[in-house]
């Protein structure tokens, strides 16, 4: 037994090791600081947790326990039956010696407050499959939606500006599509997030005690990306592709015009990544690479509307503002429980609107009111259309996969193959 917090070297070393263990556990489970507790054993943890949670529950509430566990680990929960808590048992399948998620589904209802199971069952030496993944939408419904949305909505918005339509006649300026391309997609993404709802486990109600007493708050549970290095490579591929996207919108082979657009594009992306990392560092206490990646994209989206008109300093300012804006937009949408896994709404919608309006702020040739009317009209076209189309598909086919399919992963459920595996025979 070693006492932590002492003044001697060994005690301090043990305390530092425990701190690292807490940080590792929090990172592994996507928990906030202070949410992971390290106790001497599973039995001790179950006992402490049962006593802590009991005041939050009422008679008739339900706790589910696992048949694959020691009596010492389920005893603290079964003891709650004396206080009016109903105890249900998640039984093992005798032919496999495993717990099946479909068996758990059969005993879940709104009165269930907790499923008490250990992740590793040393009764039979098995690690239970309790992982949940991010995907939510049915493949066939998404393909139908995206086909109709691209075939019907994008051409209308494009014609309003680039086909000599009413926005172009009034002087609306959107060089390569901050609103006409990115804004339309952003409004569609917002409609999709609202119709689908959040991923399983993304927003969790947890008890918190403060000076006002005990109450419940919503905890945002981050879903870790599979590979940040791959995400970084993907962002730079997008950045490189933006040179063709914006440069190609010059619609001529004039070297000066093309060079100007490419430089402004690159400057804005650089400004976005710097301010996004800095903003996340100030707000969260650490520089967030994922925010930096979205910051670069935010700068690229924002400058797309005015890359042909802005000067170098103006493009840098537009991109830098977008990088800051995207960080706070991501946080805002999370607070509103709008679960956007990759920040697409913040990047393409919020920063697309900013970039479109910013053209009028920096160019005397463009009227701010006209820009605002253009943004609002595209919103009025895109969002209701996407929302009604998704609701129709949801009623006819269903837009969202079942909860069990979501937990197992759409690579298995929709495609019949595993995206990430060890490489051995399956």
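Before moving on, here are some points about what is shown:
- The slack between residue 56 and residue 252, meaning 0.36 nm per residue of separation minus the straight C-alpha distance, is 63.7 nm.
- A simple spin-label model places the labels of residue 48 and residue 281 3.6 nm from each other, with each point 7 Å out along Cα-to-Cβ.
- Cα gyration tensor shape for region 360-426, rounded if a/c is under 1.5, else prolate or oblate: oblate
- Packing-based ranking, highest mean first, of 262-274, 156-168 given that Cβ atoms within 10 Å are counted: 262-274, 156-168
- Euclidean distance of C-alpha centroids, region 361-425 and region 249-272, integer Å: 29 Å
- Considering only alpha-carbon pairs that sit under 8 angstrom and 6 or more positions apart, the relative contact order computed for region 220-344 is 27 percent.
- Part-to-part distance (alpha-carbon centres) for region 166-192 and region 280-302, which is given in Å: 23 Å
- Ranked by how many other Cβ atoms sit within 10 Å of their own Cβ, fewest first, the residues 93, 113 fall in the order 93, 113.
- For region 139-403, averaging the sequence separation of C-alpha pairs within contact (under 8 Å, six or more residues apart) and dividing by the residue count gives a relative contact order of 29 percent.
- In region 285-426, Cα pairs under 8 Å separated by at least six residues give a relative contact order of 21 percent.
- Shape of region 139-403, Cα gyration tensor, a/c cut at 1.5: oblate
- Rounded if a/c under 1.5, otherwise prolate or oblate - region 295-339, Cα gyration tensor axes: prolate
Since every read-out is calculated from the coordinates, none of them should be taken as a lab result. A quick note: this is a predicted structure, and the numbers were derived from the prediction, not measured. Here Cβ is always computed from backbone atoms with ideal geometry, including for glycine, and neighbour counts include all displayed protein chains.
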